[in-house]
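Trainee: Okay, handing you the structure first.
The values are calculated or read from the model by the stated rules, or taken from the named source; none is laboratory data. All values derive from a computational prediction rather than experimental measurement. Neighbour counts are summed over all protein chains in view; Cβ atoms, including those assigned to glycine, are modelled from backbone coordinates with ideal geometry. Side chains included, ligands, DNA and RNA excluded: accessible areas come from the protein's heavy atoms. Shrake-Rupley method; radii C 1.70, N 1.55, O 1.52, S 1.80 Å.
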Amino acid sequence: MNKYSHIIWDWNGTLLDDVQHCMDVMNRMLEKRGMAIMPTVSDYHRAFVFPVVRYYENVGFDFEKESFESLAIEFIAGYHADKTGHSLLHRGAEQTLKALNEKGLTQIILSASKQENLLAQTKEFPIAHYFHDMLGLTDIYAKSKIEIGQDYMQRNSVKKALLIGDSVHDYEVATALGADCILVSNGHQSKQALQACSVPVVDDIAEILEFIS
């Protein structure tokens, strides 16, 4: 008998390997303004945080000069305009989704991406059939996905869920939902930051299967 009834997946950074793409888009925004860029993934990891408004502050934006809303619109436009920069799924992601599906587990995506953007991105890969639902936010400002997750848990009478993500915020979401959590260290936050959450941290998405019986 399965330990979990539901697997809740984060999308960006967890299933989709888009860290370099996000860095590239933000660095172009910074460079255009004559601001210091993030040369390495380590620099990006030091800056990135939820809510993302704080990330914009960390990289040096002054909201008295430009609003967070206008900067977020510019970032999202750049992110989706540059199709050549979009990365693939993380290695082993599709195989892991298939294995969990074969175990009879209900899988959903819970993302801080805007709903329509999430649906458009997932269509680029042959994985949509593995998901019972794909849940995104109603805007592009990526504040939190807790309320959306709580609503889903209540509507579907979820008994025991495992949330898989790549950020401290994913751990916070799992805690709010009463779900177990596993974090993957090749996404948007460093392994050191994730280990501070005191939940299992894996380097490769396929390692998740070891925690699910």
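Trainee: For labels at residue 28 and residue 146 in the simple 7 Å Cα→Cβ model, what's the distance in nm?
Mentor: Those two pseudo-labels are separated by 3.4 nm.
Trainee: Would you compute, for the Cα atoms of segment 77-213, the largest minus smallest coordinate along each principal axis and list the three values in descending order, in whole Å?
Mentor: 39, 32, 32
Trainee: Using only the heavy atoms of the protein chains and a 1.4 Å probe, how would 111, 185 rank by accessible area, largest first?
Mentor: Numbers: 111 0, 185 20 Å².
Descending order: 185, 111.
Trainee: Next up: Could you state how much accessible area residue 79 has, in square angstrom rounded to the nearest 10, with a 1.4 Å probe and all protein chains kept in place?
Mentor: Using a 1.4 Å probe on the heavy atoms, I get roughly 10 Å².
Trainee: Let me ask you something else. Express the accessible area of the chain per residue in Å², computed with a 1.4 Å probe while the remaining protein chains stay in the model.
Mentor: Working: 10180 Å² over 213 residues.
Using a 1.4 Å probe on heavy atoms only, each residue of the chain averages 48 Å².
Trainee: I've got another one for you. Carbon and sulfur together cover what percent of the accessible area of segment 69-213 at a 1.4 Å probe radius? Working shown, then result.
Mentor: Working: 3480 of 6880 Å².
That fraction is 51 percent.
Trainee: Which value in deg cm²/dmol, rounded to the nearest 500, describes the helix-derived mean residue ellipticity at 222 nm for the chain, given -39,500 (n - 2.57) per DSSP H run of n ≥ 4 and division by the residue count?
Mentor: Numbers: 9 runs with 85 residues, N = 213.
Mean residue ellipticity, 222 nm, calculated: -11500 deg cm²/dmol.
Trainee: Binning at 5 Å from 0, report for segment 61-137 what percent of all alpha-carbon pair distances ends up in each bin.
Mentor: 3, 12, 19, 21, 16, 12, 7, 6, 3, 1, 0
Trainee: Once ligands and nucleic acids are excluded and a 1.4 Å probe is used, how much of residue 129 is accessible, expressed in Å² to the nearest 10?
Mentor: My reading of the accessible area for residue 129 is about 130 Å².
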